[in-house]
Structure formats: C-alpha cells, structure tokens
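Working notes for the structure below.
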Amino acid sequence: MTDRFATGQSIRVRPPGFYLRALRYGGLEPVHSLRNKRGRFSGQAEAIRRCRPSAIVTLAVTAALTALTTASPADAAANQARRARVVEATAPRDAGEPIMGIVSLKSQQVTFYDADGWILRAPVSSGTTGRETPAGVFSVVEKDKDHHSNLYDDAWMPNMLRITWSGIALHGGPLPGYPASHGCVRMPYDFAEKLFDKTRVGMRVIIAPNDAEPVEFSHPALLVPSPDALAAAPARAETLARAAAEAGKTAEEVESAAAVAKRETASLAASLRKLEWLKSRADAELANAEKALAAAKTDEAKARAEDLKAKAAAKAAELGTQLDTAKVDAQAKLDAAAAAQGAANAAEARRADAAKAAREAKLALEPVSVFISRATQRLYVRRGFGAYLEVPITIRNPDQRIGTHVFTAVARTDAGLRWTAVTIDSGDDARSALDRITIPQDVLDRIAPTALPRSSIIISDEPVNRETNYRTEFVVVLNNQPQGGLAMRRPAEVPVARGWDSPYGDARWGGAPSYDPRQYGGYYYQRQNGSHSYQRQPGWW
C-alpha cells in the first residue's frame, strides 16, 4: 500500500511507533521526530506509540477514506490537474541573476525571473488553512543554508530565504501537493539548494493570490536616470567617504584636546577650592590674633599677641596673593577649555554633515525603492534597507481602488531603464494606476538621476505593513487575503524617516525599538545545552 491522504492512493504501513500527526506539516511524520531534546515523547506521541499495529493501520486507513469521501470529484480533478501542470523547469537559455520570484498561491508554484524572463519554476506548498501564506510584496532579508525553526520543534528548513523577520520564508521542504505549511513557502529540496546561491539579499519576492507574471512596461512617470549622475556617483561616493573619514579623524583630535583642557580645568578648580579654604583659615587666624591682642593686659601678653598677629597677617596676605594669581590663571584656562569645547562641537557638526553626505552618496549606488500608498496618501523611499524619505502624495480619485502593482527596473537601456510591471490585486490596470499618481518634482530630482536596475515603484491601496523595519525592503500585505501565517507572528516595529531627513542615524525614526528576529509572539526563544525554552518578554502583548 503506497497511497497518501486525500489522493486516493494506498498507505504504506510501517512498523509500530512510526506514524503520527498527519496534520502537523501536511503529511505523515514519524513518531521519533516528536521526541524533545531529552528524548521524552509528548503525550500524544506516547499514546500512539503504545498502539498495536492493527490500531495504527486502522487509523491511517480511516483518515484516507475520510479524505476521499469529503473531497469532491471536481476538487480531486483540479488537484490532479494542478500537480500534473506544475513541475520543475529551467529556461532553455543562459540565465542571469534572479531579480524577482513570484509565488502563485492558486497554482502552488514559484517562478523566478531575470532581466529577460523566467529562468526557474517549481511547485510549492504554501500555508494551510488558518496559517495561510500572506499575499503581498516582500524581499529576501536573510539567507541561511542550514536553518532550523525557532518556532516548530527545531524543524529543518534548508536553504532558507527569509522574507519577514517574524518568520515567513521560502525554503526546502516536503511537498504533499497542496498547502500544508505554517505560513512559509516550501520548495523542492533540490530546487531550493540550486536556487540558494543564485539569489541575493534584497531580491524581490511577490506572493500573488492568483497567477501573475511580469510584463514589459513603459510610462512617463517611471524613473529616468541621468547618465552623468550615474557616471559620477562612484567617484562622488569615494570622495565623500574620504572627506567623512578625515572629518571624523579631525573631530577625534579636537575632542581629545578639549577633553585634556577639561581635565586641566577640573584639577585647577580643586586647587582653587583648596587655596580659598586656606585663605579663609588664615583670615580666621588673623581675626583671632587681633582679638587676643585687644584682650592682652600685660606687656608680655601684648608682645606675644602682636607677634601672632603679624605672622597671621603675613600668611593671609601670601595666600591672598596666591589665590588672586590662581584665579587669573584659572580664568585663562577656563576660557581656553571653553574655546576647545566650542571647536570640538564645531568639528563634530562637520563630522556629522560629512558622514550624512557620505551615506547618501553611498546609498546612491543602491537601487531605489518607492512605495506609494493610497491608504495613507504618502510616498515612501527606501535605499539599502534604510528609510530615506517620506512625503505627501497626490492621487487622483483617492476614494477609488487603485490595486497593487510592482514596477521593476530590470536592465539599463540607451534611454535609461527597461521596466516590467506585475499586478497582484484588483483595481486599476498598471498604466491607469500610474496615471493617477503625481510624484513631486523635488522627489524625482533627488532619486531619479541615480536609479539603477532593481529599482522599483510599488503602488497599492494598502499602507506600509508593520513588518517593514530597518532591516527590510518595503513589506506590503494584501488585507483582502488570508494572513493566518503572518497574523500569528509578532511583527517587527516600523522605523520611518520623515520629510527630508537623511537615512539611518540622522533620520527621525519615531522611537521604534530595536528588533531581535529571534523574538516571536512576545517570547524570547532560547536553545542551550540541547534544551528549548520560551521566555516571556515583559511588556509585549
């Protein structure tokens, strides 16, 4: 017997203690995989381990018959047709580097594209009911050749391409022929391994509810780079990087001199306080000597009192002179320290300005990503996973749906860039969507001259998803589609640069906390000495 659940094929029976949890990952799983790190079985595994072989066979056959009777002939035929249609394939040409991958949830397949069309195609298994893979626009944010899940019993997820820090990824895995994952997109093991080294962090991943593919596209609103700006960008970035390094070195030297001057004034202040205390004590001794002289009755007592007074007066005068000299010296050093601190502040400002200019020049060597949201009526720009700017945008007929469209620059041309368009949500067609947008000219002047292949413009009815953070591209999720596999995960916070602030440290991030990708669902996951534990993160949820 060799059939599987829900397909009408027979079930191969293995020795007792092997089968368990047809629902866990969309297929049969050996009991031994349910052992925890100390080798103990879970309660469910222990109960089934004790079953006799006949009970296991009965359980498996009953599940198969139930699936057969509940699946309609039309569904069975559709599933069989889909599996027959979706097979691994490689384009019969020399392939370039993948620019984007498109997952079709309807057809359960993924297709990767370079600048000239599709290059790789394979069947997939997406999220099951309640844990659906979210439809939307993502990018690869991390690669891990030998990843093990932090959420699901250390499950092996080889050749993992992460697309959200809360745990959605593409990776190698079992393909039962239907959605069966907890939200990830499983690919054939060999296919995932072959794909892994071809992809780079930042590659666009589009998850479409239906079949979608990029089509050649042109429109006046798309970014047109300046050949002169592109040619000058590398040298400009190098020059500004050197200037930033020199400004940083100068700032360190000036700050060091200011620190020395500050330490000197601090020791001088201590010396002044000591002299003031000694002068005060000498003045008190002089006053006591004067009182003793006034009270003296005999010539001998008067002589002794006069001698003490003369000595006290001389001591007070000497300390007074020392104190006045120290005050003059201290004032000069205080003025010098203040000047040194002023110079340090100015040098630090120059360092910050130079670093800002160097960062922006370096980011000009990265593809630019633009997101236009009808929900917020704003335009956002990111470069190199960094929030770059955010400005208001004018969208004609803002109350009408516009759809979700991804425009990608795939290659340079003599005229600028060659673009493709992918539409994954209902609304306007791609051209009509761009016709409704008016991008401010100052924004275009800033980002268009250095636009490179892999630059993109995303237009959507949706807002920026809260999965977007300082280590992602834009994440846009279709809210009219199931998001079980994403909704169950704790998302990252959203740092967004506003106005014309520069990226990274000089942007106003809005107080977003740092995000640890190993934090899920409000818990810290820990794995140490072969054991697993989840610690509640205070203040979360």
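Every read-out reported here was derived from the displayed coordinates using simple, explicitly stated rules and does not represent laboratory data. Predicted, not measured: the structure shown is a model, and the values here were computed from it. Virtual Cβ from ideal backbone geometry, glycine too; neighbours counted across all protein chains shown.
If Lys and Arg each add +1 and Asp and Glu each add -1, what is the summed charge of the other residues whose beta carbon sits under 13 Å from the beta carbon of P227?
Numbers: positive: R412; negative: D228, D414.
Once positives and negatives cancel, what remains is -1.
Provide the three semi-axes, in whole Å and in decreasing order, of the ellipsoid equivalent to segment 87-171 as defined by the square roots of 5 times the Cα gyration tensor eigenvalues. Please report the intermediate quantities before stating the final value.
On the way: eigenvalues 113, 46, 30 Å².
Those come to 24, 15, 12 Å.
Sum up the charges of everything whose Cβ sits under 10 Å from the Cβ of L478, counting Lys and Arg as +1 and Asp and Glu as -1, but leave L478 out. It would help to have the intermediate numbers written out before the result.
Values: positive: none; negative: D425, D461, E462.
Taking every other residue near L478 into account, the sum is -3.
Bridgeable aspartates and glutamates around K194 (alpha carbons under 19 Å apart, same-chain partners fewer than 8 residues away excluded): E88, D94, E97, D114, E142, D144, D146. Annotation: extensible slack from V224 through S267 equals 9.3 nm (criterion: 0.36 nm per residue apart, minus Cα-Cα distance).
Here the peptides 447-453, 273-279, 472-478, 189-195 are ranked by packing, the mean other Cβ count within 10 Å, and the order with the highest first is 472-478, 447-453, 189-195, 273-279. For a straight C-alpha distance cut-off of 30 angstrom, the lysines reachable from K279 (same-chain residues fewer than eight places away being disregarded) are K262, K291, K297, K302, K309, K311, K315, K327, K333.
Taking R0 as 41 Å, what's the FRET efficiency between N288 and V328 from their Cβ-Cβ distance, rounded to 0.05?
Working: r = 30 Å, r/R0 = 0.72.
The calculated FRET efficiency here is 0.85.
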